[in-house]
1. Specify whether the C-alpha gyration tensor of the range 3-72 places it in the rounded, prolate or oblate class, a ≥ b ≥ c being the square roots of the eigenvalues: rounded for a/c under 1.5, otherwise prolate if a/b is larger than b/c and oblate if not.
2. In the range 1-72, which chymotrypsin sites (Phe, Trp or Tyr not before Pro) are in a loop and have at most 15 other Cβ atoms within 10 Å, using DSSP for the loop call?
3. Using the 10 angstrom Cβ neighbour count as an exposure proxy, how do GLU29, GLU75 rank, fewest first?
4. Compute the helix-to-body angle for 24-35: its Cα long axis versus the longest principal axis of the chain, expressed 0 to 90° and rounded to tens.
5. Amide H of MET10: which non-local residues (sequence gap of 5 or more, or other chain) have their own amide H closer than 5 Å, using H built in the peptide plane?
6. Given +1 on the Cβ of Lys and Arg, -1 on the Cβ of Asp and Glu, and no further charges, what dipole in debye does the chain carry about its Cα centre, rounded to the nearest 20?
7. I'd like to know which of VAL63, ALA20, LEU45 lies farthest towards the positive end of the charge dipole of the range 3-72, counting +1 on Cβ of Lys and Arg and -1 on Cβ of Asp and Glu.
8. Nearest 10 degrees is fine. How inclined is helix 39-48 to the longest principal axis of the chain, computing both from alpha carbons?
Amino acid sequence: MNHYVVVAGMHGCDPEAVAAARFKDTAIEAAQEEYGLTDGQASRLRKSGLVRTDPYEHTVDFVRLVRCDCDEAEEHEGWNDLS
Ligand SMILES: [Zn+2]
């Protein structure tokens, strides 16, 4: 089953997985909440799967949205299947 995983971090460091959801919009909302992304950044993330952020403002310098189809979606950190 397809789902979406949000990964974020600092360039050159191991990224952290922060959210996962069955639906793209849910994953993006979670990323927005976690890192205070602007609406513009959120729509860039939706379109390209990657957005560069200001580490001083957002605590990370990139946020990435990855489509995943592993069989253990519920095992992802921050799994959210509310919508
Ligand atoms: Zn997965």
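1. Details: a/c = 1.93, a/b = 1.33, b/c = 1.45.
Oblate is the answer for the range 3-72, as a/c is 1.5 or above yet b/c matches or exceeds a/b.
2. Passing both the DSSP loop test and the Cβ count: PHE23.
3. GLU75, GLU29
4. 40
5. Result for MET10 returns ASP61.
6. Using Cβ point charges on Lys, Arg, Asp and Glu, the chain gives about 520 debye.
7. Farthest towards the positive end: LEU45.
8. 60
Coordinate-derived values only; no laboratory data. Fair warning: this is a prediction, and the values are worked out from it, not measured in the lab. Ideal geometry is used to build each Cβ from the backbone, glycine not excepted, and the neighbour counts take in all protein chains shown.
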